[in-house]
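First the structure, in the form of structure tokens, and then the observations on it.
The values are calculated or read from the model by the stated rules, or taken from the named source; none is laboratory data. Just so you know, these numbers come straight off a predicted model, no measurement behind them. As a convention, Cβ positions derive from the backbone with ideal geometry for all residues, glycine included, and neighbour counts pool all protein chains shown.
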Amino acid sequence: MPGAVSQFLDATETENPDAPDPCADATPEDTMNGGITIDGLTKRYGAVTAVDRLTFDVEPGVVTGFLGPNGAGKTTTLRMLLGLVTPTAGRALIDGRDYAELREPRRVVGAVLEATGFHPGRRGRDHLRILAQAGGIPGSRVEEVLDRVALADAAHRRVGGYSLGMRQRLGLASALLGDPKVLILDEPANGLDPAGMADLRDLLRELAGEGRTILMSSHVLSEVSQTVNRVVIVAGGTVRYAGPLSELTAAKGETLESAFLRLTSSPDNDPATGTTTAPARS
Ligand SMILES: Nc1ncnc2c1ncn2[C@@H]1O[C@H](COP(=O)(O)OP(=O)(O)OP(=O)(O)O)[C@@H](O)[C@H]1O
């Protein structure tokens, strides 16, 4: 699913009535490590099990790709991590806490989930200014993040006239406003042209190099293989592989794409059959 901002969540998107007050005063979380822990995470919608006992960790300082076929449960997992969907069972923790327990969520987590959250008549810069103001973030951050995502030249234009790639950049800029330790990105490469992909790759590596935790879902495997250090592959709501990309591809001398197809389509690797060899926790 392509993305915009969830760091500044629209209350209508959440099914969790206990989501934190985004305007609440908070204490800086200087000591946080920013790792993500997914532990036995399960979500059922009636007869549909969207996410089935997922368990994996995401480390700070590297870019982790979150991969899976359509309907694999990626978005549902990311939404549970962000407190937008309540798990049926298990936990999705950021720095050891539920999202709702984070004292300063906007400065801890930046996220890009959906491409529909922008007011089309609003200029890109104004969109960021409003978010910064609502979040108690200094206005000077607006120009910093515009520069960082290479959107400064288009910041005076109305968002309704933006291309998908430009909206992706604006979503990323919005997520970066609070200078968060953790970035959760749903399909950030969707709609980007080759230059945009290269920019995104450089930016994500740079952000990871600053010690941030980056979890990004993507269907663009060629791009993922050039960007991420680790991968978590899910299918049918279960983890098929979680670990370093290099180990996945080296094991059988295959590309990420062929490993992905093998892990997500072969019944021999279906955890439901009990024959998976993939480590559940990275
Ligand atoms: N609100 C909901 N109500 C019922 N079923 C849902 C709901 N949200 C997700 N699902 C189902 O859960 C499963 C996982 O969906 P999810 O959107 O998490 O997958 P995904 O991996 O993000 O897929 P895609 O790559 O297509 O975006 C799908 O079968 C989907 O239909």
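For this structure, a couple of remarks:
Here is a yes/no grid of residues against (1) touching a residue at least 40 places away in the same chain (Cβ under 8 Å); (2) part of a loop (DSSP other than H, G, I, E, B); (3) not aromatic (Phe, Trp, Tyr):
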| position | (1), (2), (3) |
| --- | --- |
| Arg169 | no, no, yes |
| Asp179 | yes, yes, yes |
| Ile184 | yes, no, yes |
| Pro188 | yes, yes, yes |
| Leu192 | no, yes, yes |
| Gly196 | no, no, yes |
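- Cβ separations smaller than 7 Å between residues 6+ apart or across chains give the following pairs from the stretch 71-88 residues that are of a type in the set (Val, Ile, Thr) to residues that are in a loop (DSSP other than H, G, I, E, B) and near the ligand (Cβ under 10 Å from one of its atoms): Thr75/Met1; Thr76/Val85; Val85/Glu15; Thr86/Glu15.
Condition check ((1) buried (at least 18 other Cβ atoms within 10 Å of the Cβ); (2) of a type outside the set (Lys, Arg); (3) at pLDDT below 90) across all residues:
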| site | (1), (2), (3) |
| --- | --- |
| Ala195 | no, yes, yes |
| Glu206 | no, yes, no |
| Ser217 | yes, yes, no |
| Val220 | no, yes, yes |
| Gly236 | yes, yes, yes |
| Val239 | yes, yes, no |
| Leu248 | yes, yes, no |
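- Residue pairs meeting the criteria (Cβ under 7 Å; at least 6 apart or on separate chains; first more than 10 Å from Arg158 (Cβ to Cβ), in the stretch 119-146; second modelled with pLDDT of 95 or more and β-branched (Val, Ile, Thr)): Arg125/Val142; Leu128/Val142; Leu128/Val145; Arg129/Val142; Ala132/Val142
- Of all the listed residues (Gly110, Gly117), the sole one being under 20 Å from Glu187 (Cβ atoms), away from the ligand (no atom under 16 Å from the Cβ) and assigned to a loop (DSSP other than H, G, I, E, B) is Gly117.
- Counting only residues that are in contact (Cβ under 8 Å) with a residue 40 or more places away in the chain and touching a Lys or Arg at 6+ places or on another chain (Cβ under 7 Å), the stretch 204-229 holds 4 of them.
- Among the residues of this structure, Leu67 counts as one that is touching a Phe, Trp or Tyr at 6+ places or on another chain (Cβ under 8 Å), within 19 Å of Met197 (Cα to Cα) and among the hydrophobic types (A, V, I, L, M, F, W, C).
- Conditions (1) within 16 Å of the ligand (Cβ to nearest atom); (2) more than 18 Å from Met216 (Cα to Cα): number failed by Leu84: (2)
Here's the yes/no breakdown for (1) farther than 18 Å from Val182 by Cα; (2) surrounded by fewer than 21 Cβ atoms within 10 Å (Cβ to Cβ); (3) at pLDDT 95 or above:
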| residue | (1), (2), (3) |
| --- | --- |
| Asp57 | no, yes, yes |
| Pro69 | yes, yes, no |
| Gly73 | yes, no, no |
| Thr86 | yes, yes, yes |
| Gly90 | yes, yes, yes |
| Asp95 | no, yes, no |
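- Single residue of the stretch 64-79 satisfying the filter (of a type outside the set (D, E, K, R) and within 6 Å of the ligand (Cβ to nearest atom)) that is nearest to Pro188 (Cα to Cα): Thr75
- Residue, surrounded by the most Cβ atoms within 10 Å (Cβ to Cβ), within the stretch 105-134, restricted to residues that are β-branched (Val, Ile, Thr) and within 19 Å of Leu82 (Cα to Cα): Val112
- Test for Pro138: is it on the phi < 0 side of the Ramachandran plot, within 16 Å of the ligand (Cβ to nearest atom) and part of a loop (DSSP other than H, G, I, E, B): no
- Condition met for Pro188 (modelled with pLDDT under 95 and surrounded by fewer than 19 Cβ atoms within 10 Å (Cβ to Cβ)): no
- In the stretch 210-248, of all residues being in a loop (DSSP other than H, G, I, E, B) and within 16 Å of the ligand (Cβ to nearest atom), the one that is farthest from Ala175 (Cα to Cα) corresponds to Gly236.
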